[in-house]
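What follows is a short report on a single structure.
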Amino acid sequence: MPSLNIPRHVAVIMDGNGRWAKKRLMPRSFGHKSGMDAMIKLAECAQDCGVKYLTVYVLSTENFKRPKEEIEALFELIRKYFTENVKKLYARGAKIRIIGDLSILPEDIRKTLEESQKTMPETAEFTLVFAINYGSRSEILKAVNRAVEGGKAVDEEQFANYLYTADIPDPDLIIRTGGEKRLSNFLVYQAAYAELYFTNVYFPDFNKRQFLKALEEYSKRERRFGNI
């Protein structure tokens, strides 16, 4: 692998699971299961490459508009595979973090997510962040209301502490698979100076080679943050 400028924080919009399954004449649930497998492999690859944070868009607030059976199939994947996959990450010395509004999730799902975090390593050089029932607009509104309740003006750094991503650095690189070219309400505030990478590859096919291709593209870019 050529020498690369490795981003500290990579965020991924894992799009295309359903279309990937449809091309194979399989149900969308099959695509979501394949996407989960690809997500864990991606996390392992990111950790091996030296990425410190990987945030994955598991379930957006808008996804709840989808058919009930598809949402339930996603919940069933969490029930069956979340704890098992998290244990694999812990064995590699990784931590997890969950962001989003978990209050409307089924009680057993919330319990699974909470219990999984109790056994993670106290320290780790890599963190996998799951965005579940996450929506950036909702996150910003909640942060604004919390700041208002505090009764005083806040600067950018203080405001960031009201977000779900408090203590997590802003993403350096945001990858979206599946051919669409938009953020879809994902880390909008945090993405102000992120580099964006779009690919037509459906997420279940987004493997190590595809990830390294994204890192190579990122390494070619000059990040000026508004400077000359």
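Details
- Max mean-square fluctuation residue, GNM over the chain, Cα-Cα springs under 10 Å, options E149, E44, E195: E149
- Unit charges on C-beta of K, R, D, E only; dipole of the chain, Debye: 740 debye
- Across the range 1-126 the C-alpha pair distances fall into 5 Å bins from zero in the proportions 2, 9, 18, 22, 20, 15, 9, 4, 1, 0 percent.
- Relative contact order [Cα under 8 Å, 6+ residues apart], the range 1-66, whole percent: 45 percent
- Pairs of Cα atoms nearer than 8 Å and 6+ residues apart set the relative contact order; for the chain it is 30 percent.
- The eigenvalues of the Cα gyration tensor, multiplied by 5 and square-rooted, give the range 142-228 an equivalent ellipsoid with semi-axes of 31, 16, 10 Å from largest to smallest.
- Computed about its Cα centre, the charge dipole of the range 1-123 is approximately 340 debye, with only Lys, Arg, Asp and Glu carrying charge at their Cβ.
- Surface accessible to a 1.4 Å probe, R79 within the full protein complex, Å²: 80 Å²
- Set of lysines near K208 by C-alpha distance (under 17 Å), chain-local residues within fewer than 8 positions excluded: K41, K52
- q = 0.13 Å⁻¹: log10 I(q)/I(0) that the Debye formula gives for the range 86-138, counting C-alpha atoms only: -0.34
- Pairwise centroid distance, computed over Cα atoms, of the range 1-78 with the range 141-185, Å: 21 Å
- Apportionment of accessible area to carbon and sulfur, the chain, percent (1.4 Å): 49 percent
- Computed about its Cα centre, the charge dipole of the range 94-228 is approximately 400 debye, with only Lys, Arg, Asp and Glu carrying charge at their Cβ.
- For Y189, the solvent-accessible surface computed with a 1.4 Å probe is close to 80 Å², ligands and nucleic acids excluded.
- The three principal axes of the Cα atoms in the chain give end-to-end lengths of 53, 46, 35 Å, sorted in falling order.
- Residue-averaged 222 nm ellipticity for the chain, from DSSP H runs of 4+ at -39500 (n - 2.57), nearest 500: -12500 deg cm²/dmol
- Surface accessible to a 1.4 Å probe, S103 within the full protein complex, Å²: 80 Å²
- Of K65/K213; K23/K80; K118/K181; K87/K220, those spanning more than 29 Å from alpha-carbon to alpha-carbon: K65/K213; K118/K181; K87/K220
- Neighbour cut-off at most 14 other Cβ (10 Å), DSSP loop, GluC sites (Glu not before Pro), the range 106-145: E122, E125
- Accessible area expressed per residue, the chain, with surrounding protein chains retained (probe 1.4 Å, Å²): 54 Å²
The values are calculated or read from the model by the stated rules, or taken from the named source; none is laboratory data. None of these values were measured; they are calculated from a predicted model. Here the Cβ is made from the backbone with ideal geometry for all residues, glycine too, and neighbour counts use every protein chain on show. The protein model used for the area step is the full one, side chains on, heavy atoms only, and it has no ligands, DNA or RNA in it. Shrake-Rupley method; radii C 1.70, N 1.55, O 1.52, S 1.80 Å.
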